[in-house]
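Below: the structure, in structure tokens.
The values are calculated or read from the model by the stated rules, or taken from the named source; none is laboratory data. Owing to the predicted nature of the structure, the values given are computational and were not obtained by experimental measurement. Virtual Cβ from ideal backbone geometry, glycine too; neighbours counted across all protein chains shown. Ligands, DNA and RNA are stripped out before the accessible areas are found, and what is left, the full protein with its side chains, is counted by its heavy atoms. Shrake-Rupley method; radii C 1.70, N 1.55, O 1.52, S 1.80 Å.
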Amino acid sequence: MKQSFRLKHRQDIKRVLQDGQSFVHEAIVLRKKSNECDQNRVAVIAGRSLGGAVQRNYAKRRLRSAYYNLMTDLQPGNDFIFIARKPILSIDYEEIVFTMRRLFKQAGVMKENERS
């Protein structure tokens, strides 16, 4: 994922965590807040409750990859934060993509012409 698509600054991440809407699944939490940009920006958080650095990095790679597959189906102008939960380590990648798509639909950020 390109660096320009990432939320990097602490104050931006804090703004989304405090003021954003939350959409929850047992393996993923999505926080969403509108931004003034013409693109979406993303941050991925994996806490120590997931395990060691290897497990946390694995979870973050899976979430970024799933987002990358869906990012063309999303309306621009939002900041997203994905928070990984423990079940993310054991579910199939296809289920992660399906869950992420469902969370985006709940958030109302899927493009209108998206049918699936």
### Message
If I take every Cα pair under 8 Å that is 6 or more residues apart in the chain, average their sequence separation and divide by the length, what percent do I get for the relative contact order?
### Response
33 percent
### Message
Give me the percent of accessible area attributable to carbon and sulfur for the chain, probe 1.4 angstrom.
### Response
46 percent
### Query
So, in nm, how far is label Gln75 from label Glu95 when the simple model puts each one 7 Å beyond its Cα toward the Cβ?
3.1 nm
### HN-Hα J in Hz across the range 62-68 - Karplus 6.51, -1.76, 1.60, θ = phi - 60°, x for Gly and Pro
5, 5, 5, 5, 5, 4, 4
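Please work out how much length the chain gains when fully extended from Lys8 to Glu36, using 0.36 nm per residue of separation minus the C-alpha to C-alpha distance, in nm with one decimal.
Extra length available between Lys8 and Glu36 comes to 8.5 nm.
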### Relative contact order of the range 1-47, defined on C-alpha pairs under 8 angstrom at six or more residues apart (%)
43 percent
### Karplus-derived HN-Hα couplings along the range 80-95 (A = 6.51, B = -1.76, C = 1.60, θ = phi - 60°), whole Hz, x at Gly and Pro
10, 10, 9, 10, 7, 10, 3, x, 4, 6, 10, 8, 5, 4, 4, 5
